[in-house]
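To keep things clear, I will list the structure first and then write my remarks on it.
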Amino acid sequence: MRILISNDDGYLAPGIIALTEALAAIAEVVVVAPDSNRSASSNSLTLERPLFVIRAQDNVYHVNGTPSDCVHIALTGLLPWKPDLVVSGINQGQNMGDDTLYSGTVAAATEGYLFGIPSFAFSQVEKGWREVKAAAQVARDIVQRSFDDMPRPFLLNVNIPNRPHGELKGMLATRLGKRHQSEGVIKMLDPHGREMYWIGPAGSAKDGSEGTDFHAIENGYVSVTPLQLDLTQRAHIETLKKGLT
Ligand code: MN
């Protein structure tokens, strides 16, 4: 088995290092990841400047681009073979509910999925890398499963509580929950007296009911959500037609 690994925290982040170690035990792995932290870059591709692929060591490459750039380059020209799986993470911080739209971690996996490859995004719920090795063990366990009954390709978004492996309750198949609106932007003055803005934190859980990723995590389970990319609100098509006549 050959696995392409990427992330959005950068190729030196503890999460991707732990993930790579865990997966190297079961497969041939290649890392193609951003050269710096590109969190919340979503599915963006870099079109206005050139991208450079630097070999850091055997089978580890970093790119001056986004997570989507990295996987795109790997799949369309860099790798001499098509990987069996694309695995992204392990992200520092949760990607649950609406986070999945902004996430670069999910985006890297999405890029694999768009090229027809079963893909996984892994995130640790709390920042700080506590229990990252336990999370890597979970990732390896999930990646090793065959998911024979799942249609190909599939895209799985996995969130892992920061707990020792023995204290995880198990794994649950979930749907995405929903968050409240993001908190306000943070406005401050720079040392020159100019106003500057920092994007504020994501909103708290609004729908964390049973069956959601939020609920699974709250109860100590690993949350595994199958994702789709078609954003069409099918129920609104007929209603929209009336508004357009
Ligand atoms: Mn990140």
Exercise. Would you please put 162-170, 4-12 in order of how densely packed they are, using the mean number of other Cβ atoms within 10 angstrom per residue and starting with the highest?
Key: 4-12, 162-170
Practice problem: Collect residues whose amide H, placed 1.01 Å from N in the peptide plane, falls under 5 Å from the amide H of residue 61; neighbours closer than 5 in sequence don't count. | Solution: 31, 32, 33, 56
Quiz prompt | Inter-probe distance in nm under a simple model that places probes 7 Å from Cα toward Cβ, at residue 195 and residue 230 | solution = 4.4 nm
Practice problem: Multiply the residue gap between residue 47 and residue 12 by 0.36 nm, knock off their C-alpha separation, and tell me the result in nm, one decimal place. | Solution: 10.1 nm
Quiz item: Taking all protein chains as present, what is the carbon and sulfur share of the accessible area of the chain, in % to the nearest whole number, probe 1.4 Å?
Solution: 53 percent
Quiz prompt | Cα→Cβ-extended label distance, 7 Å offset, between residue 167 and residue 25, nm | solution = 2.1 nm
Exercise. Count the net charge of all other residues whose Cβ sits under 11 Å from the Cβ of residue 2, scoring Lys and Arg as +1 and Asp and Glu as -1.
Key: -1
Quiz item: Using θ = phi - 60° and the Karplus curve 6.51 cos²θ - 1.76 cosθ + 1.60, what whole-Hz ³J(HN,Hα) does each residue of segment 204-220 get, with Gly and Pro shown as x?
Solution: 6, 5, 9, 10, x, 6, 4, x, 8, 4, 4, 5, 4, 5, 4, 9, x
Practice problem: Alpha carbons only, please: Rg and Dmax for the chain, in angstrom. | Solution: 18.7, 60
Quiz prompt | Cβ-Cβ FRET estimate between residue 37 and residue 58, R0 fixed at 25 Å, reported to 0.05 | solution = 0.60
Self-check item: the chain, relative contact order in percent, only Cα pairs under 8 angstrom and at least six apart counted
Solution: 17 percent
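Mean projection of the alpha-carbon convex hull of segment 102-158 over all orientations, in nm²? Intermediate results must be reported in sequence, preceding the final value.
Working: hull surface 17.2 nm².
The Cα convex hull of segment 102-158, projected and averaged over all directions, gives 4.3 nm².
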Exercise. Under 1.5 on a/c is rounded, so check that first for segment 124-185, then, if it is not, pick prolate when a/b is larger than b/c and oblate when it is not; a ≥ b ≥ c are the square roots of the alpha carbon gyration tensor eigenvalues.
Key: oblate
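How high is the relative contact order of segment 1-81, in percent, with contacts defined as C-alpha pairs under 8 Å that are six or more residues apart?
In percent, rounded to a whole number, it is 32.
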Quiz prompt | Anisotropy class of segment 110-245 from Cα gyration tensor, a/c 1.5 cut | solution = oblate
Exercise. Would you list which lysines come within 22 Å of residue 169, measuring only between C-alpha atoms, while excluding same-chain residues fewer than 8 positions from it?
Key: 127, 133
Practice problem: Whole number in Å², please: accessible area per residue of the chain, 1.4 Å probe, ligands, DNA and RNA not counted. | Solution: 53 Å²
Quiz item: Between residue 179 and residues 5 or more places away or on another chain, which pairs have amide H atoms under 5 Å apart, with H built 1.01 Å from N, and which residues are they?
Solution: 98, 206, 207
Quiz item: In terms of modelled amide H atoms, which long-range or inter-chain residues lie less than 5 Å from the amide H of residue 89?
Solution: 6, 7, 8, 122
Quiz item: Dividing the convex hull volume of the alpha carbon atoms of segment 153-196 by its residue count, what do you get in Å³ per residue?
Solution: 214 Å³
Exercise. Answer rounded, prolate or oblate for segment 1-95, using the Cα gyration tensor with square roots of eigenvalues a ≥ b ≥ c: rounded when a/c is under 1.5, else prolate when a/b is larger than b/c, else oblate.
Key: oblate
Quiz prompt | Two-site FRET efficiency, residue 76 against residue 238, from Cβ-Cβ distance with R₀ of 45 Å, rounded to 0.05 | solution = 0.70
Quiz item: Sorted by packing (mean other beta-carbon atoms within 10 Å per residue), highest first, where do 173-182, 32-41, 140-149 land?
Solution: 32-41, 173-182, 140-149
Quiz item: With every protein chain in place, what's the accessible area of residue 81 (1.4 Å probe, Å², nearest 10)?
Solution: 50 Å²
Quiz item: Using the Cβ atoms and a cut-off under 13 Å, what net charge is assigned to the surroundings of residue 198, where Lys and Arg are +1 and Asp and Glu are -1?
Solution: -2
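The values are calculated or read from the model by the stated rules, or taken from the named source; none is laboratory data. Because the structure is a prediction, the values reported are computed rather than measured. As a convention, Cβ positions derive from the backbone with ideal geometry for all residues, glycine included, and neighbour counts pool all protein chains shown. Surface accessibility is based on the protein's heavy atoms, side chains included, excluding ligands, DNA and RNA. Shrake-Rupley method; radii C 1.70, N 1.55, O 1.52, S 1.80 Å.
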